[in-house]
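Notes for the one structure printed next.
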Amino acid sequence: MKRSGAGRISVITVSWRTLVYRFFVLFMLSVSASFLVISRTHPQYITQLRTSLMDIVVPVVQTVAAPVDAFQGAMQWMHDVANVKAENERLRQENAKLMRWQFVATEMENENTRLRDLLKFAPVGKESYTSARVAIDNSGPYVKSVIINAGAANGVESDLAVINENGLVGRVMDAGARTARVLLLTDMNSRVPVMTEKSRERAIVAGDNSDTLQMKYLPQDSKISVGERVVTTSDGGVLPPGLPVGVVTAIENGSITVKPYVDWFRLEYVSVVDFTM
């Protein structure tokens, strides 16, 4: 209160909404400062909090998305029924091609077996696979990652390779109990040891947050050519050798561009590879 004029008293009031707003701002600033300090002093706590939040949020998102998935599935089923005749004809033609490829693959397998026996070849390790589905796509302009619905309870661990039917997708960064975050090949923090199949040049493919990869640390007399396939090597003992990565699409001023085999817009099911040396 304050006294004014001829003994009149005026009352200064502050809206409760203003008080709540100020309190909320101070609270959020305090929380932000606390998280900043914790991330500097105890970064493992932030990682644990993030994985715990993933374990909580992913089931909720999947539950909310279930009706949408069901509707999309029904629409896809109707579309397939409408085109069943053409689809059957295409499948018959594809089956004939697959039969021919199966014969070629069988012959190549038999030949490789004989060559291994001749050279007394011994496998370098065994792989186990854990199938999972992409639950949330976290990709954006500055981060390329996805969250899958398999975690430590399924044998998923950090740094394991992640693949799909086309080739290498990326590697596991963080693993919760039932979910895991996968860093995609195209993320700017991704580095993968590779080799070209024809010229046998070893290098590192690095992401730059675009849809392509760049080959690094090549010798100046590199003989890589456009169209060569690029596969993983076992350098570092993390990735199994021979996983398809992509194909060389351009060589300009010493810069070599690789287009990944994975279609990022249709990434749905993946497998996590546990490679034991």
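The values are calculated or read from the model by the stated rules, or taken from the named source; none is laboratory data. All values reported here derive from a predicted model rather than from experimental measurement. Here the Cβ is made from the backbone with ideal geometry for all residues, glycine too, and neighbour counts use every protein chain on show.
Out of all the residues in segment 219-238, which are of a type in the set (A, V, I, L, M) and within 28 Å of E127 (Cβ to Cβ)?
Keep residues of segment 219-238 that are of a type in the set (A, V, I, L, M), which gives 224, 226, 230-231, 238.
The answer is I224, V230, V231, V238.
If you take the residues in segment 179-220 that are closer than 22 Å to S139 by Cβ and either out of contact with any strand residue (DSSP E or B) (no Cβ under 7 Å at 6 or more places or on another chain) or aromatic (F, W, Y) (or both), which one is surrounded by the most Cβ atoms within 10 Å (Cβ to Cβ)?
N209
Assuming V230 fulfils every condition listed in (1) more than 18 Å from the chain's Cα centre (by Cα); (2) loosely packed, with under 15 Cβ neighbours inside 10 Å; (3) modelled with pLDDT of 90 or more apart from one, which condition is it?
Answer for V230: the failing condition is (2).
Among the listed residues S39, S10, identify the single one that is in contact with a Ser or Thr (Cβ under 7 Å, 6 or more places away or on another chain) and at pLDDT below 75. Steps first, please.
Working: S39 fails: in contact with a Ser or Thr (Cβ under 7 Å, 6 or more places away or on another chain).
The conditions single out S10.
Restricting attention to segment 254-274, and to residues there that are in contact with a Leu (Cβ under 8 Å, 6 or more places away or on another chain) and closer than 16 Å to A180 by Cβ, which single residue is surrounded by the most Cβ atoms within 10 Å (Cβ to Cβ)?
Among them, the one singled out is V272.
Name the pairs: first residue in segment 7-35 and within 27 Å of L49 (Cα to Cα) and aromatic (F, W, Y), second residue surrounded by 10 or more Cβ atoms within 10 Å (Cβ to Cβ) and modelled with pLDDT under 75, Cβ to Cβ under 8 Å, at least 6 apart or on different chains?
That search, which allows pairs on different chains as well, returns F35/I46.
Does segment 52-109 hold any residues that are surrounded by 10 or more Cβ atoms within 10 Å (Cβ to Cβ), within 23 Å of R181 (Cα to Cα) and among the aliphatic types (A, V, I, L, M), and which are they?
Result: L53, M54, I56, V57, V58, V61, A65, A66.
Among the residues of segment 213-243, which ones are in contact (Cβ under 8 Å) with a residue 40 or more places away in the chain, within 12 Å of R202 (Cα to Cα) and of a type in the set (G, A, S)?
Of everything in segment 213-243, just one residue is in contact (Cβ under 8 Å) with a residue 40 or more places away in the chain, within 12 Å of R202 (Cα to Cα) and of a type in the set (G, A, S), namely S234.
Among the residues in segment 20-36, are any under 30 Å from A177 (Cβ atoms), outside any helix (DSSP H, G or I) and over 24 Å from the mean Cα position of the chain (by Cα)?
No, every residue in segment 20-36 fails to be under 30 Å from A177 (Cβ atoms), outside any helix (DSSP H, G or I) and over 24 Å from the mean Cα position of the chain (by Cα).
Name the strands (runs of 3 or more DSSP E) wholly inside segment 182-277 in which the number of residues that are among the charged types (D, E, K, R) and under 28 Å from A152 (Cβ atoms) is 1 or more. I'd like the intermediate steps shown before the answer.
On the way: elements: 191-196, 202-207, 213-216, 229-232, 244-252, 255-260, 269-276.
Here the list reads 191-196, 269-276.
Take segment 171-209 and flag every residue that is at positive phi and at pLDDT 95 or above. Walk me through it before giving the result.
Here is the first cut: in segment 171-209, the residues at positive phi are 200, 209.
Residues satisfying the conditions do not exist here.
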